[in-house]
Structures are given as structure tokens and as C-alpha cells.
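Written out below as C-alpha cells is the structure these notes cover.
The values are calculated or read from the model by the stated rules, or taken from the named source; none is laboratory data. Fair warning: this is a prediction, and the values are worked out from it, not measured in the lab. Cβ placement follows ideal geometry from the backbone for every residue including glycine, while neighbour counts extend to all protein chains displayed. Areas reflect the complete protein model, heavy atoms only, side chains present, ligands, DNA and RNA absent. Shrake-Rupley method; radii C 1.70, N 1.55, O 1.52, S 1.80 Å.
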Number of protein chains: 2
Amino acid sequence: MAEGSWIRRMFEEGAELKKRYGEENVFDLSLGNPIIEPPAEFFRELKKLAEHPQSGMHRYMSNAGYAETRAAVAEQLSLETGIKFTLNEIIMTCGAAGALNVVLKTILNQGDEVIIFAPYFAEYVHYIDNHYGVARILPTDEQFAPRLDALEETINKKTRAVMVNSPNNPSGAVYSEEKLCELGELLRKKEAQYGTQILLISDEAYRKLIYDNLQYPFPLHHHTQSLITTSHSKDLALPGERIGYIAIHPECREREELVNGFIHVNRTLGFVNASALMQHLVRNLQSVNVSVAEYQQKRDSLYENLTGMGYSVTKPQGAFYMFPKSPLEDDVKFVRELQQLKVLTVPGQGFGTPGYFRIAYCVEDRALEDSLPGFRQMAEKIGLV
Amino acid sequence: MAEGSWIRRMFEEGAELKKRYGEENVFDLSLGNPIIEPPAEFFRELKKLAEHPQSGMHRYMSNAGYAETRAAVAEQLSLETGIKFTLNEIIMTCGAAGALNVVLKTILNQGDEVIIFAPYFAEYVHYIDNHYGVARILPTDEQFAPRLDALEETINKKTRAVMVNSPNNPSGAVYSEEKLCELGELLRKKEAQYGTQILLISDEAYRKLIYDNLQYPFPLHHHTQSLITTSHSKDLALPGERIGYIAIHPECREREELVNGFIHVNRTLGFVNASALMQHLVRNLQSVNVSVAEYQQKRDSLYENLTGMGYSVTKPQGAFYMFPKSPLEDDVKFVRELQQLKVLTVPGQGFGTPGYFRIAYCVEDRALEDSLPGFRQMAEKIGLV
């Protein structure tokens, strides 16, 4: 469980370094806390609401959220996926982290297994553990795509769910249509074999951040026993506001029972409902997105620079992370040495994948540029080129 | 556990009745969803922020919340209690429900016992159950004050916490200084006897809503092994925004470990942090409160009317609930019959106390007045006078 705290540990140590050396002399690439401000449309909506407050707009609403907001989410998601969602399949949540805890608490009995693929967002293990599930961690291939041979061997009658996260934190990988197609087939085969429902949980927090004009391959297209957890933390740059949702596939079996369960747990786990004000705001912002071009530029520049120095990097297709191979076998040692040069990253161990390190490039261009000498110094010291 | 859903059940059934008979013909006294709008100061702060957004104001912050907001809470709480709080004792949370789940998850091992007094807010049982604790439910006296003889008999070496809720939902009772003093003494005696720490959890969601110029008796004055969970849902009328906090007694043993635990669990349970925007807003509103006089007037008028009809009511000293004796032995039957007259209340069973019913009077005066004929018709039918 110690690995789960690596991101925050590096963040806290970074805060110490900043105090000592000055904010501008430490290059913090440790946290996925986007520097990009929310889009202008968000501020316009906020101003409109502040200037014309609606009566009752901060009261309790239904635990699932406002019908109007759920309908707006359903409409946009229907457009994007081609799957016909209605408000009955949408539950507004306290971010994607809230969504995942609500889903896992609802579906898990003590000892049920949930499969995740490494590298993974380390909090997943806490979420599964919170509700007395068992996390089964499987490897990915060189491109960070799920190893389906391992999945086939691992699924058993206690497998309640398989979690995927594309675009992936920390690798930036976007799972291909082909891979998802094979994944769906495998899940159905295993469901038939064991007479169970294996939920495909698609954590799509980074769905809107994909590059090179890629079309997002939706996991839900390949398995109907499935749901999305996501948030507006990245597409609207609102991570501190905790606004997200669950969207369950309309053809999921026992959909109504599951949705009722989600609503109940959203209440009893203490979330109660997603922020009323944020629900009012995002209702009109479903088709709005931060500038992806800006992130793509950061990715391109960082990728070129790092590979030019001899680092081995799989080019990320989405999110705002890069997950290069650690030039030292011990990724913690490498990250510590880099930290001495005032460049903050997170060891791969923090994502269940030693031998790599994560760079969060959702920072000012200047911070990225200023981190390059540190990366170069390490590359030269280790003799990468 | 079925009882836990009574409030929401009556709320949902009420929604059906409203559809059928029209909103204005159904008098909904079932939910603690204050009709009073947030104070003018709140809207002023919101407008100020919307007009002059600060860079980065929607990003992640420390999981405990903004230092400035925590310091503002600590300052006001120090003033009110005379206990010296600093920001290190304050964790901003997703409402009081979030605060309670965070506290219980942090302190409970499987099978640990938590004592609550009936009548109680039914969600408490869910919160304890979520984290594999065992709820021990004890009676109160005729004035709805905790029965300390029962407490003395019940505390054992597995007792991890005692929860109090003053002003109380649903009874409106405010626990007296004397009662709290005896409670504190008893807890210390038992802590010494078993060599344990018994945390006094004071849920103070209604602390600012007390009447007749009563001074609030703080439970924390009578036991240092203690903490407050609360929110701005009632004092600032922001229930839909989920903004609250945990405040731990500065002299609590293992305070630092507990606080670190709360911060960790706030993150891993999926709350991550309380809404950034709300934290910016409430920072400057710590001394602001909705009009208590308005609620007191509602209480007085309702109390006079109901007792005049022959209902037996213990006069509430705080919150916005009344908890009269059910004129029929079967409180569910009474509430159902009242529902037929379009007056919506909640049976005492929903609070672990059959034989009573709860009225939430945080509604428009007109709704209260229009509900009186229903109450009178029932009183006459049953022959109360």
C-alpha cells in the first residue's frame, strides 16, 4: 500500500524544496494538477449564475443529481458514443474518485476480485481495498496495452470487474479498438463460462485529452456489461471542484438495481450529491474542452527533447503524462537523484511498475524547459547516449 | 437498515403526490432542506470571485484544504469555544456526512463499537456499517437527553467512540452543560478502566441554530478526546454544496496520527478535497449565519398550534425539527394517514424511535400554515383533546 503515497510524497517533498530554494527554482512535474485554467465558457457561466442567482440553487437535490444536468451529460455522451444514453443511466458524482468508490462499494462483496493493469493510478488499490475487494494486478505489454493472455488466466468466478483507464495515467497510452474488441470477447467468454457478470469499468478521466487527431476508442463499444467513471477535472480543468459522473451502459443487465445501488451509496458514503453549483455550471459546458493543442505541443517538445538525450520513451497518445524507462534500474534512486537537480517526478513503483518514472507535463512551458538541464545532466552522468 | 430510508422514502412519495395534486397542494415537512436562502454575504463573495477569478482557484490543493480556509475556521472556532484551535486541527470536508465517514473509516477496526443515542439521524448507522463498525444504540430520557445509566452499562473495551448530535436531528434537543459534564466524567472513568481512548464525536451540523438566546454547550468542553464534525449546510444554507469540516480537540491524544489518517482517508475514500470554490467562499463567512429569528418564529408558531390541538411535543431548543409523540401507537400508520391529507412527515421509526414522528419546519410559512388543517383533522379524528 506504501506505493500509493508516492505521488503525494514527491509533492510534499517538492513543497519543502520550494520553500528552501524558491518556487521558481524547482521544476515540479510530480502532480497531475493542470496549470491550464478552465475555459472562458466556464467563467462566463459562473459569472452569469453569480449575477442572476436562482432561488434554491444551493439546496439538496435528488442524490443522483439534477435531472437537467444528467440529461445534458446523457445527450453529449450519446452524441460522442452513438450509444443512446438517457438521464436514467447518469449519476452525478464527486469527481471520478467519488464515482469509483461508489461503484466499487455497490458491486463488491467481501473477497470479490477486481482486475487492474500495471502501470495503474495507485489510488485504485485503495478504492478496491476500502470496500473489502481484492485487487488483482496484471501486466501490460511494451506499448502499455493490457496483456490479455494474463487476463484469460486470471479471471475466475470471483472476478467482479475489470478496470481500464484509457488514456492511461501514468503511461499516456490509448487502448486500441482491436485490443478492446479482443478484451470484450474474452470477458463474454468468461461470463459464459462462469455464469457471472464481469463489469468493465472504464475510467475515462482523460478521454478528451487525446492527440494526433486520434478518435477515442470507447471501451463501452465492446462490452455491454460496462460503465464509465469520469470527471471534469481535466477537460474543464476543475480538479479542485470534484465534479464528475457515472454512466452505465443502457444494455447492462440489472441496470436499474445497479443505478439504485449507486444512488444509495452516493448518499450513505457521505458524498450525498455532487456540488449543486458545479452541476448548474457543467450542465451548459458538456461540449466544451480545454485546449488540447496546448497539451500536444508540450508533449511533442518534451518527447523530442527526452528521446534526443537518449531516454527510452513510448510516445503517449493522450493524457498529460509521459512514462519513460528509468535509466537506472532502481527508479526510486533515479528519481531521488533527479530531485537533487530540482526536477520532481514520480518513480514507476508508485504505479506498480518499477523501472520507469512518470513525468506530469501539465505545467508551464517554462517549467518544462527549465527541467531539461536536469534531465540532460542525468543522461550524461549515466551515459545514455 | 430499512429504517434508514424513511426520510428519502417519504420525500420520494411526496414527489409523486406533488405530481398528482400540484406542488402547492402538498405540504412537505419531510426533509431538512432549508427553504431559507444563503445570506447576502455569500452571494456577495460569489459575485466577487466570479468577477475577479484568481489564477489557479479551481486546481487541487492539499487534501486537508486551503491553509487560509482552515486558519479562518480555526480562528472562529477558537473565538466561540475558547479552545485554542490552529489550522493543524482543521480538515475541510465534503459536508458533515463526508466528515463522519472520514473519521469513522480512520478510527474503526472491524468490530469496533460506536455508541449513538435514539432518536438519531438514521444515516449514522450506514456510516458506521460502511467501515465495518458495530452501532450500539442507546435510549434517551423524556427530554431526549442521553441516558447515562445505559451508557455506563454499555461501554466496554471495544467501544471506540460515542457520537452526540446537539442540537439534535430529529428531536431539536440541545444537550445541557450538566449532562455533558456527567458524560465527560463517565467517558474518562471508562477510559481509565479499560486503558482505551473513547472518542467523543460531536456532530454539530445545527450548532448555529439555537433559540431563546441559549448559549451553546460545547461537548468538547467536557472531554479532550473529542472532535467536531459539521458543515455549512444549515448556518449558510448550502446543503447542496457539501462544504464542512472536522475539528479535532487540540489536546486529543495521538492528534497528529489521527489528523494524518483523516487527510489520507479524505483522499482515498474519493472525496479528495472539499470543493475549492466553496473553500474560497466560506473562508470569509465564518462569522455569518442565516436568520435564526426566522426559524425561531416558525418553531414558536408550530409548537403553539400543535400543543393547542392536543399533540404532545417536547419544545425543541435548536435545529429546525420537531419530534412530537405519535397520537397513534403505530407511527407509520399515523404518518400514512397524515400523508393522505397531503401533509408529509417522517415516522419516528426512521430515527430508531417508534411512537414519534418528525416535522421539518425549515419550509415557507405558508406551507406550515397550510399543513395545520391536516394536523387538526387527525387530532380530531383520534380525539386528542
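Quick one: what pairs do we get from the range B:54-71, first residue among the hydrophobic types (A, V, I, L, M, F, W, C), second surrounded by fewer than 16 Cβ atoms within 10 Å (Cβ to Cβ), C-beta under 8 Å, 6+ apart or different chains?
B:A71/B:T86
So for the range B:54-76 (the condition being in a loop (DSSP other than H, G, I, E, B), farther than 24 Å from A:F11 by Cα and more than 14 Å from chain A (Cβ to nearest Cβ)), does at least one residue qualify?
At the first step, the residues of the range B:54-76 found to be in a loop (DSSP other than H, G, I, E, B) are B:54-66.
Add one more test, that the residue is farther than 24 Å from A:F11 by Cα, and what stays is none.
Checked against the condition, which is being in a loop (DSSP other than H, G, I, E, B), farther than 24 Å from A:F11 by Cα and more than 14 Å from chain A (Cβ to nearest Cβ), the range B:54-76 yields no hits at all.
Might you let me know whether the range B:261-280 holds any residue that is modelled with pLDDT of 95 or more, more than 13 Å from chain A (Cβ to nearest Cβ) and assigned to a loop (DSSP other than H, G, I, E, B)?
Within the range B:261-280, none of the residues are modelled with pLDDT of 95 or more, more than 13 Å from chain A (Cβ to nearest Cβ) and assigned to a loop (DSSP other than H, G, I, E, B).
Any chance you could count how many residues in the range B:327-385 are within 22 Å of the chain's Cα centre (by Cα), surrounded by fewer than 18 Cβ atoms within 10 Å (Cβ to Cβ) and of a type in the set (D, E, K, R)?
Final tally of qualifying residues: 1.
Among the residues of the range B:189-244, count how many are of a type in the set (V, I, T), open to solvent by 20 Å² or more (accessible area, probe 1.4 Å) and not in a strand (DSSP E or B). Walk me through how you get there before you give the answer.
Our first condition is that a residue be of a type in the set (V, I, T); within the range B:189-244, this holds for B:196, B:198, B:201, B:210, B:224, B:228-230, B:243.
Add one more test, that the residue is open to solvent by 20 Å² or more (accessible area, probe 1.4 Å), and what stays is B:196, B:210, B:224.
Filter once more, keeping what is not in a strand (DSSP E or B): B:196, B:224.
The total comes to 2.
Suppose we filter B:T345, B:T314, B:T353 for residues that are β-branched (V, I, T) and under 21 Å from B:E16 (Cα atoms); which single one remains?
Details: B:T314 fails: under 21 Å from B:E16 (Cα atoms); B:T353 fails: under 21 Å from B:E16 (Cα atoms).
When all the criteria are applied, what remains is B:T345.
Specify which of the listed residues (A:A122, A:A150, A:A161, A:A173) is at pLDDT below 95, open to solvent by less than 20 Å² (accessible area, probe 1.4 Å) and among the small types (G, A, S). Before you say what the answer is, go through the steps one by one.
Values: A:A150 fails: at pLDDT below 95; A:A161 fails: at pLDDT below 95; A:A173 fails: at pLDDT below 95.
Sole residue among the options that is at pLDDT below 95, open to solvent by less than 20 Å² (accessible area, probe 1.4 Å) and among the small types (G, A, S): A:A122.
Looking only at the range B:87-142, which residues are of a type in the set (A, V, I, L, M, F, W, C) and either assigned to a helix (DSSP H, G or I) or out of contact with any strand residue (DSSP E or B) (no Cβ under 8 Å at 6 or more places or on another chain) (or both)?
Residues of the range B:87-142 that are of a type in the set (A, V, I, L, M, F, W, C), as a first pass: B:87, B:90-92, B:94, B:96-97, B:99-100, B:102-104, B:107-108, B:114-118, B:121-122, B:125, B:128, B:134-135, B:137-138.
Residues satisfying the conditions are B:L87, B:A96, B:A97, B:A99, B:L100, B:V102, B:V103, B:L104, B:I107, B:A122, B:V125, B:I128.
Please indicate, with yes or no, whether at least one residue in the range B:162-184 is within 14 Å of another protein chain (Cβ to nearest Cβ) and more than 30 Å from B:N33 (Cβ to Cβ).
no
When residues of the range B:125-144 are filtered for being among the hydrophobic types (A, V, I, L, M, F, W, C), open to solvent by 20 Å² or more (accessible area, probe 1.4 Å) and over 22 Å from A:L104 (Cα atoms), how many remain? Don't jump to the end; show me each part of the working.
Narrowing the range B:125-144 to residues among the hydrophobic types (A, V, I, L, M, F, W, C): B:125, B:128, B:134-135, B:137-138, B:144.
Checking the rest, the ones that are also open to solvent by 20 Å² or more (accessible area, probe 1.4 Å) come to B:125, B:134-135, B:137.
Then keep just the ones that are over 22 Å from A:L104 (Cα atoms); that gives B:135, B:137.
Adding up the residues that qualify gives 2.
Name every residue in the range B:274-284 that is out of contact with any strand residue (DSSP E or B) (no Cβ under 7 Å at 6 or more places or on another chain) and not charged (D, E, K, R), in order of residue number. Reasoning before the result, please.
We begin by selecting, within the range B:274-284, every residue out of contact with any strand residue (DSSP E or B) (no Cβ under 7 Å at 6 or more places or on another chain); these are B:275-278, B:280-284.
Within the range B:274-284, B:S275, B:A276, B:L277, B:M278, B:H280, B:L281, B:V282, B:N284 qualify.
Counting just the residues of the range A:19-53 that are within 10 Å of chain B (Cβ to nearest Cβ), touching a residue at least 24 places away in the same chain (Cβ under 8 Å) and not aliphatic (A, V, I, L, M), which one comes out farthest from B:M61 (Cα to Cα)?
Step by step, filter the range A:19-53, then rank; the result is A:E45.
Let me confirm something: among B:I91, B:I83, which residue is within 14 Å of chain A (Cβ to nearest Cβ) and not small (G, A, S)? Steps first, please.
On the way: B:I83 fails: within 14 Å of chain A (Cβ to nearest Cβ).
On inspection, the qualifying residue turns out to be B:I91.
Working only within the range B:33-53, note down all residues that are in a loop (DSSP other than H, G, I, E, B) and either within 20 Å of B:F334 (Cα to Cα) or among the acidic types (D, E) (or both).
First pass over the range B:33-53, keeping only residues in a loop (DSSP other than H, G, I, E, B): B:33-39, B:52-53.
Within the range B:33-53, B:E37 is the sole residue that qualifies.
For the range A:320-336, how many residues meet the condition of being in contact with a Pro (Cβ under 7 Å, 6 or more places away or on another chain) and either among the polar types (S, T, N, Q) or free of Cβ contacts under 8 Å to residues at least 40 places away in the same chain (or both)?
Within the range A:320-336, residues that are in contact with a Pro (Cβ under 7 Å, 6 or more places away or on another chain) and either among the polar types (S, T, N, Q) or free of Cβ contacts under 8 Å to residues at least 40 places away in the same chain (or both) number 2.
Does any residue of the range A:313-321 turn out to be within 14 Å of another protein chain (Cβ to nearest Cβ) and surrounded by 20 or more Cβ atoms within 10 Å (Cβ to Cβ)? Steps first, answer last, please.
So the first thing to find is which residues in the range A:313-321 are within 14 Å of another protein chain (Cβ to nearest Cβ), and the list is A:320.
Still in the list and also surrounded by 20 or more Cβ atoms within 10 Å (Cβ to Cβ): A:320.
Scanning the range A:313-321, I find at least one residue that is within 14 Å of another protein chain (Cβ to nearest Cβ) and surrounded by 20 or more Cβ atoms within 10 Å (Cβ to Cβ), so the answer is yes.
Given the conditions (1) open to solvent by 10 Å² or more (accessible area, probe 1.4 Å); (2) touching a Lys or Arg at 6+ places or on another chain (Cβ under 7 Å); (3) within 12 Å of another protein chain (Cβ to nearest Cβ); (4) assigned to a helix (DSSP H, G or I), and given that B:F11 satisfies all but one, which numbered condition is not satisfied?
Going through the list (1) open to solvent by 10 Å² or more (accessible area, probe 1.4 Å); (2) touching a Lys or Arg at 6+ places or on another chain (Cβ under 7 Å); (3) within 12 Å of another protein chain (Cβ to nearest Cβ); (4) assigned to a helix (DSSP H, G or I), B:F11 breaks only (2).
Residues checked against (1) under 28 Å from B:Q143 (Cα atoms); (2) touching a helix residue (DSSP H, G or I) at 6+ places or on another chain (Cβ under 6 Å):
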site	(1), (2)
B:V164	yes, yes
B:P167	yes, no
B:S176	yes, no
B:Q197	no, no
B:S202	yes, yes
B:F218	yes, yes
B:P250	no, yes
B:R253	no, no
